[in-house]
Structure formats: C-alpha cells, structure tokens
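Read through the structure below, which is laid out as structure tokens, and then see the notes.
The values are calculated or read from the model by the stated rules, or taken from the named source; none is laboratory data. This one's a predicted model, so the numbers in the text were calculated from it and none came from an experiment. Here the Cβ positions follow ideal geometry from the backbone for every residue, glycine too, while neighbour counts run over all protein chains shown. For the accessible areas, the whole protein counts, side chains as well, though only heavy atoms, and no ligand, DNA or RNA atoms are used. Shrake-Rupley method; radii C 1.70, N 1.55, O 1.52, S 1.80 Å.
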Amino acid sequence: MNRVLARQLRTNVCGSKHIFQRACSTHVTRKVSSTAGSNESNANSTGDSPQHDIAIVGGGMVGIALAASLASKPLTKHLNVAIIDNNPLLGRKNIIEKGHLPDPRVSTVTPATISFLKDIGAWKYIEEQRHAYFDKMQVWDYTGLGYTRYNAKDVDQDILGCVVENKVLQSSQLSCVQESDLQKTIYPARLNSMDMLPSSSLTGLGEVPSTADLFMRGRLAKLELSDGNNVYAKLVVGADGSKSRVRELAGIKTTGWNYSQNAIICTVEHTVENFTAWQRFLPNGPIALLPVGDKFSNIVWTMDPTEASDRRSMSEDDFIKAVNDALDYGYGPHPEITSSGGSSLSWLTGDVNISAKERFETPPKVVKLSSERMMFPLSLRHAKDYVSNRVALVGDSAHTVHPLAGQGVNLGFADASALSRAIAEGIALGTDIGEVRMLAWILTL
C-alpha cells in the first residue's frame, strides 16, 4: 500500500516559492481575532483568517510524522503549517518520565520506518526512552502441525524490528517539530466543515491577492473549526484516522468491512526479559506477545466480541492464566520435532536438520498484568482515492488494516515520507499545492 501512495504522489504537490521569505515560529491559537495577523505564524494571512501552506488535520503519529518530515527537508522546512487536533498535549512540551510503566498502545516499527525516523531526527529521542529491538520471531498455531522461526541474521540484518510505545513515537516526532524552523500553528479544535471551489485564473487580482480572493478563485481550501476559527490552506492533509472527517468532507468513498473480531491489548510482565516477537494462531484469532523492554511485553489478542468482553472483565489471575495457556499448551499441543530434527510436516518438506536457534521455543511466562486491558473493534477500510482537489490522505485515513502483521503505522509513516518528498519536489518546480489537474494526472500514474 505504501508503494501505491508513493507512486501516486511522486509528482509535484506543493506550494509557492514565496514561502522562503517568511519568518519562523510556533504558535498555539485559541480564537482568531482581528489582531491575529500580527503573529509570525500567520504572516501570510490577510483579514481575520490565517492562511497556511498545509493544514494537517490529525496530530497523531502519522500527522506529526508528516510535519517532522517537512521540517527536516531544506525545501520544506520554512513552510507555514497548521496542525488541527483537539488533543491538548500537542501544545505542550511533551516530556515522558523515565521509569513509567509501559502504555499498552505500542507499534512495531520496521527497519524501513526506523530509517525514516532517523532521517527526520526523531530516533535519537526514541532511543532515550524505553524501546525493544527484536531479532527473532516465532509463529505457530494451535494444531501443533508446524511452526516457523525468523532470524534477522538469516537475511543479513541486525534486527527484524523494534517495539515502541505510541506516546514515545509521537512525543519524539513532536520534539523534532518544536525544535525546527517550520512555522507551525496548532489549533486545538475539531474540523467541522471544509469548502473548496473550482480553480480559476488569478488575472486582475493584483500582485498580492487577498485570502478571500484566493479562496474564491479556488486556490485555497477553507476549514471551519469547532472553536470558531476559519483556516485557509493550499493543501489539506487528512491524517485523522479510520473515521476521517477530511475524507468524508472531500467526498472520497471507501471500500472495506468490519471484522467480527475485537482486539484486547495490555502490558504484561515476566521474570526475564523477552527478546523475541511471538504469535500463535488460535481458533478465534491470533495472540501476539511483543517485547517492550525491561521484562515487559505487550499482548495483542484477537477474538470474537463476546470472548473479548469476557477476557476483559475476568479477574487478573484468570486473565494471566488464560494468556499463558494461549501461548503454551492451551487449545492444542506444541509442534512436534521428529528424531531427524524436523517438524511433523516433514512429510511435506522432507527431513531436514534444524539447528538449536531454529527449534520451537516456548514464550516466557507472564507473571503480572501491568496495565489496563483495552479493547477495540477491528475493520478494514481503503479509500478509493488518496488525493482529490487540494486534499491528500495519509495513514488510517487512506487505509485501515488488521493489526495481524503490525503494518498499519508503518504504512502511515511511508505515506508521510512519500508525501513530504512529493511536496519538496513540487516546490523545486514552483508548482501549486493540490492543483486539481495535477492531482488528476497523479491518479493516472
């Protein structure tokens, strides 16, 4: 999916050359008044409503990743960017105290995502917080017929991935944005409505057209926010999740379905540190045990909604017993090892010798529940278009996937990387952000 977006957006979707003339600052706005135009972050506004190069709707991990990626590039680091999200933490210096218990909301980032986070300057902040590299993974099912183990060394890599708490990912990227030259205005509000008009010529408007004139000629999108602010932008980026308001207002249709499954996530503790990612397929869905460092692991357990409600409400002791059963002999036996070292599927693969590092292993026992048990429904949604007139979608707004393979946020980071690169390329050519004919051409690639 990330390759599709990269292909769709490798052309130029960007703003004016005049951005390099602007000063840089950070601003959190509450209510725009007639004096708001004096703020440096609103330096390109006329009248009462600020004008931005880009408005990012959604200040989660992917939205902030896009802002941080823009801030890291020479051609985009002086852009005027609005971030619209009603999360009050976005306007503060987000400091995570060391020694805190791990949050159950985590992401498994791939080596490609780690490279992206290094490029934008966020990885150095992540390394200061709890994170867990893993170089091995074991996958098996409840039938006992077979298993597979992955080792990073088999593909000449040091690691297969790294598990990081979502709040650490977001905080680290936010630090990059806050410390950059990017002009950023944070609007702690929700998006109520979005208006865009067909593009027409600017002939006769003078050297510096007003915001109202640019909107009427289809060169700006108008965003009405829940706090009464009106914001104008050349490009609106929907990074507002699977129920994207930007996608809805842009009239972009989706295809997909709701799975008849819920996921329970939580943090658990062992007596030893876990360095392997484990996943077992059970009759009602897979259970994953992911290392998060300091003898903690994260549980992602997929099951039908009724079972999920029961698991969430049972006592802590009963839940720990259920987890250990699900990762051991519960539901069925361990995969058998033949005398020649193969599994019970050797009739299919032929007898092969299996080294000690490839043999089936049992995950470390869970001894304690270290967080609340959170539950959420699972679904698949895919936008039929990633771009439309002055709108681009990234992350779950464009594609919501099952957490089975842990690829959701990695696709979102790839979106942010592809879109920021396309904007930079467009700025080099002096093209307009979100011009409809150009976006229509992108969709034909």
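Does residue 372 satisfy the criteria of being modelled with pLDDT under 80, more than 18 Å from residue 66 (Cβ to Cβ) and either buried (at least 19 other Cβ atoms within 10 Å of the Cβ) or within 26 Å of the chain's Cα centre (by Cα) (or both)?
no
Mind checking which residues of region 207-229 are at pLDDT below 95 and among the polar types (S, T, N, Q)?
Those that are at pLDDT below 95 and among the polar types (S, T, N, Q): 210, 211, 229.
Do we have residue 392 as within 19 Å of the chain's Cα centre (by Cα), part of a helix (DSSP H, G or I), modelled with pLDDT under 95 and surrounded by 14 or more Cβ atoms within 10 Å (Cβ to Cβ) here?
In short, no.
For (1) within 24 Å of residue 134 (Cα to Cα); (2) in a loop (DSSP other than H, G, I, E, B); (3) out of contact with any strand residue (DSSP E or B) (no Cβ under 9 Å at 6 or more places or on another chain), each residue gets a yes or a no:
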{"position": "364", "(1), (2), (3)": "yes, yes, no"}
{"position": "372", "(1), (2), (3)": "no, yes, no"}
{"position": "376", "(1), (2), (3)": "no, no, no"}
{"position": "381", "(1), (2), (3)": "no, no, no"}
{"position": "385", "(1), (2), (3)": "no, yes, no"}
{"position": "396", "(1), (2), (3)": "no, no, no"}
{"position": "404", "(1), (2), (3)": "yes, no, no"}
{"position": "411", "(1), (2), (3)": "yes, no, no"}
{"position": "418", "(1), (2), (3)": "no, no, yes"}
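Please work out which residue is farthest from residue 196 (Cα to Cα), limiting yourself to region 227-252 and to residues that are within 21 Å of the chain's Cα centre (by Cα) and of a type in the set (D, E, K, R).
243
Taking the conditions exactly as written (touching a residue at least 12 places away in the same chain (Cβ under 8 Å) and in contact with an Asp or Glu (Cβ under 7 Å, 6 or more places away or on another chain)), does residue 149 satisfy them or not?
In short, yes.
Pairs needed: first member in region 305-319, in contact (Cβ under 8 Å) with a residue 24 or more places away in the chain and closer than 20 Å to residue 258 by Cβ; second member anywhere, part of a helix (DSSP H, G or I) and open to solvent by less than 50 Å² (accessible area, probe 1.4 Å); C-beta distance under 8 Å; at least 6 residues apart or different chains.
Here the result reads 311/319; 311/322, each pair linking region 305-319 to a residue that is part of a helix (DSSP H, G or I) and open to solvent by less than 50 Å² (accessible area, probe 1.4 Å).
Do any residues in region 202-213 that are touching a residue at least 24 places away in the same chain (Cβ under 8 Å) have Cβ atoms under 7 Å from those of residues that are in a loop (DSSP other than H, G, I, E, B) and surrounded by 14 or more Cβ atoms within 10 Å (Cβ to Cβ), where the two are at least six apart or on different chains, and which pairs are they?
Partner pairs satisfying both residue conditions: 210/47; 211/45; 211/47; 211/220; 212/47.
Just to be sure before I move on: is residue 160 at pLDDT below 95 and within 30 Å of residue 331 (Cα to Cα) in the structure I sent?
no
Starting from residues that are within 28 Å of the chain's Cα centre (by Cα) and open to solvent by 20 Å² or more (accessible area, probe 1.4 Å), keep the ones in region 205-226 and report whichever is nearest to residue 76 (Cα to Cα).
Here the answer is 222.
Take the residues of region 177-220 that are β-branched (Val, Ile, Thr) and assigned to a loop (DSSP other than H, G, I, E, B): which is farthest from residue 232 (Cα to Cα)?
Among them, the one singled out is 203.
Cβ contacts < 6 Å: first residue surrounded by fewer than 22 Cβ atoms within 10 Å (Cβ to Cβ), restricted to region 175-199; second residue part of a strand (DSSP E or B) and of a type in the set (Gly, Ala, Ser), any location; separation 6+ or different chain. Result?
Between residues of region 175-199 that are surrounded by fewer than 22 Cβ atoms within 10 Å (Cβ to Cβ) and residues that are part of a strand (DSSP E or B) and of a type in the set (Gly, Ala, Ser), the close pairs are 196/221.
Inside region 135-159, can you point out the residues that are assigned to a strand (DSSP E or B) and either closer than 30 Å to residue 179 by Cβ or open to solvent by 30 Å² or more (accessible area, probe 1.4 Å) (or both)?
136, 137, 141, 147, 148, 149, 150
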